[in-house]
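**Q** My structure is below; once you've seen it, I'll send some questions.
No value in this document is a laboratory result; all are computed from the given coordinates. Please read all numbers here as calculations on a predicted model, not as lab measurements. Note: ideal-geometry Cβ built from the backbone for every residue, glycine included; neighbour counts use all protein chains shown.
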Amino acid sequence: MQTIVSGNIKIAADLLERGEIIAMPTETVYGLAGNIFNEEAIKMIFELKKRPLFNPLIVHIPSIDTLEDIVEEIPIKAKNLADVFWPGPLTLILKKKSTVPDLVTAGKDTVAVRIPNHPLTLQLLEKLDFPLAAPSANPFGSISPTTPSHVFGYFSGKLPMVLDGGDCERGIESTIIGFEGEDPIVYRLGSIALEEIEEVVGPVKVRNKKESAPTAPGMLSRHYAPDTPTYMVEDVSQFIAQNPNMKIGVIIFKEPLQVTENIHQVVLSESGDLKEATSRLYAVLHYLDGMDLDLIVAERFPNEGLGKSINDRLERATKKK
Ligand code: TXA
Ligand code: MG
């Protein structure tokens, strides 16, 4: 199969209407999208990603009016969050209507849903008369894609189309929020900082990693991982000193280190802007992973705002030191 990379939403819509799956841009990461009502398409998404069937997909909708087609009840705080953050990188887990196929939700009685904030994908969703299920467009366990060429590298020849919407603006996945009755719980840290969520709904609990691994504990902890052995440490200079004669890729937040030529250093944001650092994180991991290095080491980020989301992803991508 030949994979076209194009920004033409007419072609994208035709393919999806015929039950094909395509890669689509969002403001967070690229997704592998298919019609939620087409069983073959949804099965193909799981197969292509090599994703276990117990791990449910996120449903993407074009507008808040379409929310009631797929969910039963909307807690007040969910409504407040949706009003503030949609379209945007917020995923809500809500009681599903029976019309949402069990394959999409892995048999759960809840569905994960969001309105993505990307102009091409919003136009595409408006054009279609069904929502799109879309997990991140990476093989299970690999780094999520934030550019068309990342997706092409993973799935060229296996997909008819990558809808080209340029580089993803946010660069890590959406923040996922579920509910226990009326109480919001963060299931996954992401593109919206915890503090921004709390400004809208007050203090929220964050589910710990063990609880959030769906069904098979431990199975999903190593995730978002480069092939090169990757570490996160407090003191990068010390790590370099402890690993002499190694080619090392170094990910630094803002202040570059003095390094020798076997060290390949990338600074994520010289101005110390966590949003900029977040938007570049995966692209830098992809880049360093392609450089044939012995090791990659990232500095632990400040544990505030998006720094928490970055540390969460690095923890999942890395080995402990
Ligand atoms: O930014 C994003 O959220 C991207 C873009 C493409 O929208 N999508 C994404 O999807 O990250 P994925 O499949 O890689 O991650 C979705 C997460 C999974 O960890 C899954 O277990 C969880 O959402 N999830 C989905 N439905 C759920 C449900 N009903 N209850 C609990 N967790 C759910
Ligand atoms: Mg993913």
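**Q** Tell me, which residue of the range 80-127 that is closer than 25 Å to LEU53 by Cβ and among the basic types (Lys, Arg) is surrounded by the most Cβ atoms within 10 Å (Cβ to Cβ)?
**A** ARG114
**Q** Here is a list: PRO75, PRO62. Which entry is touching an Asp or Glu at 6+ places or on another chain (Cβ under 6 Å), within 18 Å of ILE176 (Cβ to Cβ) and more than 15 Å from ligand 2 (Cβ to nearest atom)? Please lay out each step first, then the result.
**A** On the way: PRO62 fails: within 18 Å of ILE176 (Cβ to Cβ).
From the options PRO75, PRO62, the qualifying one is PRO75.
**Q** Residues of the range 17-26 being of a type outside the set (Lys, Arg) and either in contact with a Cys (Cβ under 6 Å, 6 or more places away or on another chain) or away from ligand 1 (no atom under 15 Å from the Cβ) (or both), which ones? Full working, then the answer.
**A** At the first step, the residues of the range 17-26 found to be of a type outside the set (Lys, Arg) are 17, 19-26.
Listed by number, the residues that qualify are GLU17, GLY19, GLU20.
**Q** Which count do you get for residues in the range 9-33 that are hydroxyl-bearing (Ser, Thr, Tyr) and more than 16 Å from ILE61 (Cβ to Cβ)?
**A** 1
**Q** Here's another thing I want to ask about it. List every residue pair whose Cβ atoms sit under 8 Å apart, with the two residues 6 or more apart in sequence or on different chains, where the first one lies in the range 51-65 and is more than 16 Å from SER174 (Cβ to Cβ) and the second, anywhere, is near ligand 1 (Cβ under 6 Å from one of its atoms).
**A** ARG51/PRO135; PHE54/PRO214
**Q** Moving on. Cβ-Cβ distance below 6 Å, separation of 6 or more or different chains: which pairs start in the range 1-28 with a residue that is under 16 Å from LEU120 (Cα atoms) and end on one that is acidic (Asp, Glu) and surrounded by 14 or more Cβ atoms within 10 Å (Cβ to Cβ)?
**A** Hits for this filter: VAL5/ASP164; SER6/ASP164; GLY7/ASP164; GLU27/GLU169; THR28/GLU173.
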